[in-house]
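A.B. asks: Okay, handing you the structure first.
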């Protein structure tokens, strides 16, 4: 879920920003530094507020002005055990990949997909395998047709690789492992009497 | 030299203090909270979006994609849209001895029955906690009375 987090840090405002109002300049520097970065407290999605800034001294031989800044950010911070609403992104023989739009490294591995199930080539997408849950002789395909609720089982923070092959997947600093194998989890259409709860727009 | 900035609600940036204070009127309770419901984040980010547009020289770049997509996500997955409703939701949930975390999960997923609520937040029923099904049903009932739209 999203959280507010208060931080204090040293911010260097480069000379080309110093003609802006101070708060604006500091916000710009913080945005560049923190937006879309995974910090220890979560993925930073917005600078909420600058509370105070101290300093403004230019150190000898150094162009930027240095401030000690107290500020608040909005972070996305998943909790183990939290149930989160997501959408389907893709699937392969290992399992499902879900997305929140702003964060896409959510994986539901095969053992956490309810059984019995089967994995088969997707007739609509040659490069993809799709998963089908079988329940009371009915087949339920897992695809992007509706919201999928999953529960966070694990969060990992892989170390930054020192080298990467050219065709390697982009580095994911935070990876969520989720399950859809429990009451209320999985595509919302699976739960009788549960129509889409939230303001879902058409898929566009 | 210590510069203290007024908070978001009274932002001096646009010079329109009164207007900003009125816009973000979901109350101050959420500021003390650490965890936010999607509907609260939606109001916060929407408010920021206007400010971002005003002061940004370059159009939305790669880095602010995360901001836009987060806004998209919370708008899509919030039931309550107007600030009064959002404030009421937190008030109602706050009356029921929930942790910050439980409050936000319930506020985000909007379960309709006590059974669903417990499936989403199993900690409601852990040993020593007093959440009977009746109490949970009452809470969900109070929530259902909050008007979603103006």
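The values are calculated or read from the model by the stated rules, or taken from the named source; none is laboratory data. Nothing here was measured: the structure is a model prediction, and the numbers come from that model. Cβ sites come from the backbone with ideal geometry, for glycine too, and all protein chains shown count toward neighbours.
A.B. asks: Mind listing whichever residues of segment B:120-133 are closer than 20 Å to residue A:150 by Cα and buried (at least 19 other Cβ atoms within 10 Å of the Cβ)?
C.D. replies: Result: B:120, B:121, B:124.
A.B. asks: Condition (residue is touching a helix residue (DSSP H, G or I) at 6+ places or on another chain (Cβ under 8 Å), more than 17 Å from residue A:154 (Cβ to Cβ) and modelled with pLDDT of 95 or more) applied to segment A:103-115: is it met by at least one residue?
C.D. replies: There is no residue in segment A:103-115 that is touching a helix residue (DSSP H, G or I) at 6+ places or on another chain (Cβ under 8 Å), more than 17 Å from residue A:154 (Cβ to Cβ) and modelled with pLDDT of 95 or more.
A.B. asks: Next up: Taking segment A:105-141, which residues are under 24 Å from residue A:174 (Cα atoms) and surrounded by 16 or more Cβ atoms within 10 Å (Cβ to Cβ)?
C.D. replies: Listed by number, the residues that qualify are A:105, A:106, A:107, A:108, A:112, A:113.
A.B. asks: Looking at (1) more than 7 Å from every other protein chain (Cβ to nearest Cβ); (2) crowded, with 19+ Cβ neighbours inside 10 Å; (3) closer than 18 Å to residue B:71 by Cβ, can you tell me which one residue A:72 breaks?
C.D. replies: The single condition residue A:72 does not satisfy is (2).
A.B. asks: Would you confirm whether any residue within segment A:42-59 is more than 14 Å from every other protein chain (Cβ to nearest Cβ), on the phi > 0 side of the Ramachandran plot and in a strand (DSSP E or B)?
C.D. replies: Scanning segment A:42-59, I find no residue that is more than 14 Å from every other protein chain (Cβ to nearest Cβ), on the phi > 0 side of the Ramachandran plot and in a strand (DSSP E or B), so the answer is no.
Residue by residue, here is whether (1) touching a strand residue (DSSP E or B) at 6+ places or on another chain (Cβ under 9 Å); (2) loosely packed, with under 14 Cβ neighbours inside 10 Å; (3) within 16 Å of residue B:146 (Cα to Cα) holds:
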| site | (1), (2), (3) |
| --- | --- |
| B:82 | no, no, yes |
| B:92 | no, no, yes |
| B:98 | no, no, no |
| B:103 | yes, no, yes |
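A.B. asks: Moving to a separate point now. From (1) under 14 Å from the mean Cα position of the chain (by Cα); (2) within 12 Å of chain B (Cβ to nearest Cβ); (3) at pLDDT 90 or above; (4) surrounded by fewer than 20 Cβ atoms within 10 Å (Cβ to Cβ), pick out the condition that doesn't hold for residue A:97.
C.D. replies: So the condition that residue A:97 fails would be (2).
A.B. asks: From the set of residues in segment A:1-25 that are farther than 15 Å from residue A:51 by Cβ, in a helix (DSSP H, G or I) and more than 28 Å from the chain's Cα centre (by Cα), which is farthest from the other protein chains (Cβ to nearest Cβ)?
C.D. replies: A:15
A.B. asks: Given the conditions (1) over 18 Å from residue A:88 (Cα atoms); (2) part of a loop (DSSP other than H, G, I, E, B); (3) at pLDDT 80 or above, which single one is not true for residue A:144?
C.D. replies: Just one mismatch for residue A:144, condition (1).
A.B. asks: Out of all the residues in segment A:32-54, is one or more farther than 30 Å from residue B:99 by Cα and touching a helix residue (DSSP H, G or I) at 6+ places or on another chain (Cβ under 8 Å)?
C.D. replies: So far as segment A:32-54 goes, yes, one or more of its residues are farther than 30 Å from residue B:99 by Cα and touching a helix residue (DSSP H, G or I) at 6+ places or on another chain (Cβ under 8 Å).
A.B. asks: Only residues that are surrounded by 12 or more Cβ atoms within 10 Å (Cβ to Cβ) and under 21 Å from residue A:175 (Cα atoms): list them for segment A:144-161, please.
C.D. replies: A:144, A:147, A:148, A:149, A:150, A:151, A:152, A:153, A:154, A:155 - these are the residues of segment A:144-161 that are surrounded by 12 or more Cβ atoms within 10 Å (Cβ to Cβ) and under 21 Å from residue A:175 (Cα atoms).
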